[in-house]
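Before any comments, here is the structure.
The values are calculated or read from the model by the stated rules, or taken from the named source; none is laboratory data. Small disclaimer: the values here were computed from a predicted structure and weren't measured. Positions of Cβ are generated from backbone atoms using ideal geometry, with glycine treated the same way; all protein chains shown enter the neighbour counts. The accessibility values were calculated without ligands, DNA or RNA, using every heavy atom of the protein model including side chains. Shrake-Rupley method; radii C 1.70, N 1.55, O 1.52, S 1.80 Å.
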Amino acid sequence: MNKVDIKELFKLKQKQMLASFGLNDGFEHAPTKGDATEEEWRKWFNNNFPKRYCAEKAFVIDCEGNCSEQMDIVIYDTHFSPKIFENNGQKYIPAESVYAVFEVKQDLSKEQLEYCQKKVSSVKSLIRTSAPINTIRGYEPGRPAPTIIGGLLTYRSAWVENNIEKNLKQYISEITTSKNEEIDFICCLSCYACEIKHNAETSIFHNQTVYLSNFNIITDKENSPLIFTYFKLLRMLQDLGNVPAIEYSKYGINGIDPKILK
């Protein structure tokens, strides 16, 4: 019987992507270089993840009209949820539909962590509704919306490979001051990938709520960053379950929600 070495296939794909990213370095114009790298990552998500997930460059909006910064990659639901609005390539996705958001950069560094954190926070801070669901037992309350995954995808590291984990532990502790600022996943395609599992708590100090950073870094140094990223993100998305149903009436449109019999 013929056998397929999945790990080897992922290593070959990783080499192909790294070669493509290296070719993008040939662009002198920085936005052109960034756009090409972002498109490579979006293509990878859309070609390899289940079709219920779609990856697009987009803004995320909520029922009160709040809008995130434009995200390089928004992973959103295509089965239960609408896109809401698109015009001339500008896409607006409701916060309820979003599973994960990622920023794409060339280098992993403290500066890019801080930049990513700001962008991710603009999404995680949005309001998400959760409509009652019609089941065989009648309408049941909507479930709480799961935490959106926020991540950073890079081509290479500005740090020496052996120092990446040490630097992540230091800098993430220094710059994270709230739940909305938590970065949950990092892939530096050339050498490293990890989940950042937060166990943070809050405490009242001098009548102010203080965020107490606490997290574990989960990685796999025996396998390539791409295969870890693929299977780990699939697992994380699986753990989120389905996105919540949107309460359309909260978006200011009257007369569209079903009558719920008590």
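Of the heavy-atom accessible surface of the chain (probe 1.4 angstrom), what whole percent is carbon and sulfur? List each step's numbers first, then the result.
Values: 7100 of 14310 Å².
Roughly 50 percent of what the probe reaches on the chain is carbon or sulfur.
Give, rounded to the nearest 20 debye, the magnitude of the charge dipole that segment 156-227 has about its Cα centre when Lys and Arg contribute +1 at Cβ and Asp and Glu contribute -1 at Cβ. Walk me through the intermediate numbers first.
Numbers: 6 positive and 10 negative charges, 22 e Å.
That gives segment 156-227 a dipole magnitude of about 100 debye.
Rolling a 1.4 Å sphere over the protein heavy atoms, what is the accessible area per residue of the chain, to the nearest Å²?
Numbers: 14310 Å² over 262 residues.
With the other protein chains kept in place, the chain gives 55 Å² per residue.
Determine the dipole magnitude for segment 86-208: charges of +1 sit on the beta-carbon of Lys and Arg, -1 on that of Asp and Glu, nothing else is charged, the reference point is the Cα centre, and the result goes in debye to the nearest 20.
Working: 14 positive and 15 negative charges, 43 e Å.
Result for segment 86-208 is approximately 200 debye, rounded to the nearest 20.
Normalise the Debye intensity by I(0) for segment 160-237, one equal point scatterer per Cα, no solvent, then take log10 at q = 0.21 Å⁻¹ and round to two decimals.
Normalising to I(0) and taking log10 leaves -0.95.
Three principal axis extents, largest first, for the C-alpha atoms of segment 62-174, in Å?
57, 36, 23
Out of segment 79-142, which GluC sites (Glu not before Pro) are coil in DSSP terms and have no more than 10 other C-beta atoms within 10 Å?
Numbers: sites: E86, E96, E103, E111, E114; in loops: none.
Answer by residue number: there is no such site.
Counting only DSSP beta bridges with both residues in the chain, what percent are antiparallel, rounded to the nearest 5?
Antiparallel: roughly 65 percent of the beta bridges in the chain.
Using just the helices of the chain, give the 222 nm mean residue ellipticity in deg cm²/dmol: DSSP H runs with n ≥ 4 each add -39,500 (n - 2.57), and the total is spread over all residues, rounded to 500.
Details: 5 runs with 81 residues, N = 262.
It lands at -10500 deg cm²/dmol.
Given G255, A95, S125, which one lies farthest toward the positive end of the charge dipole of the chain, if we put +1 on the Cβ of every Lys and Arg and -1 on the Cβ of every Asp and Glu?
So the residue furthest toward the plus end is G255.
Which entries in K57/K119; K43/K91; K124/K197; K15/K221; K118/K197; K51/K169 show an alpha-carbon gap greater than 24 Å? The partial results should precede the final answer.
Values: K57/K119 13 Å; K43/K91 17 Å; K124/K197 16 Å; K15/K221 17 Å; K118/K197 19 Å; K51/K169 34 Å.
Long pairs (Cα-Cα over 24 Å): K51/K169.
Report the one residue of I246, T78, I136 whose Cα lies farthest in the direction of the positive end of the charge dipole of the chain (charges on C-beta: Lys and Arg +1, Asp and Glu -1; origin at the Cα centre).
I136
Give me D for the chain in µm² s⁻¹, whole number, from Stokes-Einstein with Rh from the Kirkwood sum over alpha-carbon pairs, 10 °C and 1.306 mPa s.
Working: Rh = 19.8 Å.
The Stokes-Einstein estimate is 80 µm²/s.
For the chain, with the dipole built from +1 on Lys and Arg beta-carbon atoms and -1 on Asp and Glu ones, taken about the Cα centre, which of C191, S178, T229 lies farthest toward the positive end?
Of C191, S178, T229, it is T229.
With angles folded into 0 to 90 degrees, how steeply does helix 110-124 sit against the dominant principal axis of the chain? Use alpha carbons for both and round to 10.
Taking the Cα atoms of the chain, the angle to 110-124 is about 20 degrees.
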